[in-house]
Amino acid sequence: MLAPYALRAEDSRGRRYSEPAHPYRNDFQRDRDRVVHSRAFRRLENKTQVFTRRYSDHFRNRLTHTIEVAQISRTIAAALELNEDLVEALALVHDVGHPPFGHAGERALDAIMRRHGDRFDHNLHALRIVEQFEQRYADFPGLNLTFEVREGIVKHSGSYDARVMPELAPYELELRAPLEAQLIDLTDEIAYSTADVDDGVEAMILTRAQVREQVPVFARLHAEVERLYPEAAEKLQFNETLKRVLDHLVSDLIANTRTLIAASGVQSVQDVRRHSRPLIGLSPHVEEEQRQLRAFLYQNLYFSAELQPEKEMAEQVISELFEFFMRAPGELPASYQEKTQQEPRYRIVCDYIAGMTDNFVLEQHRRFCLAPRRAKVSRG
């Protein structure tokens, strides 16, 4: 049932620590299940996607976004005869390295780490989580995921230089990721761009008229919906259009990827790895439509004045809490204090804060930064 260029579970390079085969689950299914049962995965429920719960409980968070990516990814994988189990595992793990407060939190941590001559990268943090911080098994540290899932974490949305990061050399950075991993970057973008339009309108930062006027693909498909449902409420016409935008992007990705694969002549995973370019992609015309949608969101939502106060709050909270733990490492949990014996303190403090949920980072900030400040003022 799989295409010759799909990655079969029996061809996996295996795990860092050898384990006996499971009687009724293949290795990629086991990886999926380990991710779902991890603490890092559960914490995604309380991590910001774009909107905090100040707006509504109905908006996407990191967990619901991840579920949407997994659903879209499995649909496309089935159509392309790729390995759905591997795709699902990769989709479910792709955001576990994100810190609290979404991209604002990531930028804040990266800025702090650069002052220490380092960096914060949510993909690399996800790798640290699955290899070190998740402690569920007596036989090995981390989740002991297969090479292919760990490789997908590293390669699905960026590229690294083994000369700069030799610790990543085992992932063969000079080679492309399998198609299953290449797919996740595209489905992630399709999922969040359509969902963020929905949430942006619901938050009343965007208007439906604004979306129609400034996003060409939405305008074109909305005209079709108006002809089909002239009596429908505006909200329902909007919903129908957004559903068609999602289907348009997914359908084009499937069709164009089939064209790219056929033209490439690849017949195996190794052919895919050695190919000169990625083989999962939108057609040029639809890629431009997606670029226009993405540009609209950056200009009108992600960098909007309405969201700026929360971004500034996120940066302040993370920066102040980071400096506190640097001054007072004894307040770190015992397991993190132990890690400071092997790695620089700033790296361990970064790891600890990156793992926090929005709620927990605010609670820790109140406890260690705001309460002492208030006490000092009252004494004064």
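The values are calculated or read from the model by the stated rules, or taken from the named source; none is laboratory data. Quantities reported herein were computed from a predicted structural model and do not represent experimental measurements. Because the Cβ atoms are built from the backbone with ideal geometry, glycine has one as well, and the counts that use them run over all protein chains shown.
Residue pairs whose Cβ atoms lie under 7 Å apart, sitting 6 or more positions apart in sequence or on different chains, and linking a residue in region 83-94 that is under 20 Å from residue 129 (Cβ atoms) to a partner that is among the aromatic types (Phe, Trp, Tyr) and buried (at least 24 other Cβ atoms within 10 Å of the Cβ), are 86/28; 89/28.
If you take the residues of region 3-21 that are in contact with a Phe, Trp or Tyr (Cβ under 7 Å, 6 or more places away or on another chain) and hydroxyl-bearing (Ser, Thr, Tyr), which of them is surrounded by the fewest Cβ atoms within 10 Å (Cβ to Cβ)?
Within region 3-21, the subset in contact with a Phe, Trp or Tyr (Cβ under 7 Å, 6 or more places away or on another chain) is 9, 12-14, 17.
Applying the additional criterion that residues be hydroxyl-bearing (Ser, Thr, Tyr) yields 12, 17.
Numbers: 12: 18, 17: 11.
Per the stated criteria, the residue is 17.
Out of all the residues in region 213-234, which are free of Cβ contacts under 8 Å to residues at least 24 places away in the same chain, assigned to a helix (DSSP H, G or I) and of a type in the set (D, E, K, R)? If the condition is that a residue be free of Cβ contacts under 8 Å to residues at least 24 places away in the same chain, assigned to a helix (DSSP H, G or I) and of a type in the set (D, E, K, R), then 213, 220, 224, 226, 227 are the ones that fit.
Residue-by-condition table, conditions (1) hydroxyl-bearing (Ser, Thr, Tyr); (2) within 19 Å of residue 25 (Cα to Cα); (3) part of a loop (DSSP other than H, G, I, E, B); (4) modelled with pLDDT of 95 or more:
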| position | (1), (2), (3), (4) |
| --- | --- |
| 76 | no, no, no, yes |
| 82 | no, yes, yes, yes |
| 85 | no, yes, no, yes |
| 89 | no, yes, no, yes |
| 92 | no, yes, no, yes |
| 97 | no, no, yes, yes |
| 104 | no, no, no, no |
| 110 | no, no, no, yes |
| 113 | no, no, no, yes |
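Where in region 271-380 are there helices (runs of 4 or more DSSP H), lying wholly inside it, with at least 3 residues that are exposed (fewer than 14 other Cβ atoms within 10 Å of the Cβ)? Once the helices (runs of 4 or more DSSP H) in region 271-380 are filtered for at least 3 residues that are exposed (fewer than 14 other Cβ atoms within 10 Å of the Cβ), what remains is 284-297, 308-327, 334-339, 371-379.
Restricting the first member to region 18-36 and to residues that are free of Cβ contacts under 8 Å to residues at least 12 places away in the same chain, and the second to residues that are part of a loop (DSSP other than H, G, I, E, B), the beta-carbon pairs closer than 6 Å and six or more apart or on different chains are 30/22.
For region 22-47, which positions are of a type in the set (A, V, I, L, M, F, W, C) and surrounded by fewer than 20 Cβ atoms within 10 Å (Cβ to Cβ)? Full working, then the answer.
If we filter region 22-47 for residues that are of a type in the set (A, V, I, L, M, F, W, C), which is where we start, we get 28, 35-36, 40-41, 44.
Hit for region 22-47 is 36, nothing else.
Residue-wise test of (1) in contact (Cβ under 8 Å) with a residue 40 or more places away in the chain; (2) among the aliphatic types (A, V, I, L, M); (3) touching an Asp or Glu at 6+ places or on another chain (Cβ under 7 Å).
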position	(1), (2), (3)
295	no, yes, no
300	yes, no, no
305	no, yes, no
309	no, no, no
316	no, no, no
323	no, no, no
326	no, yes, no
331	no, no, no
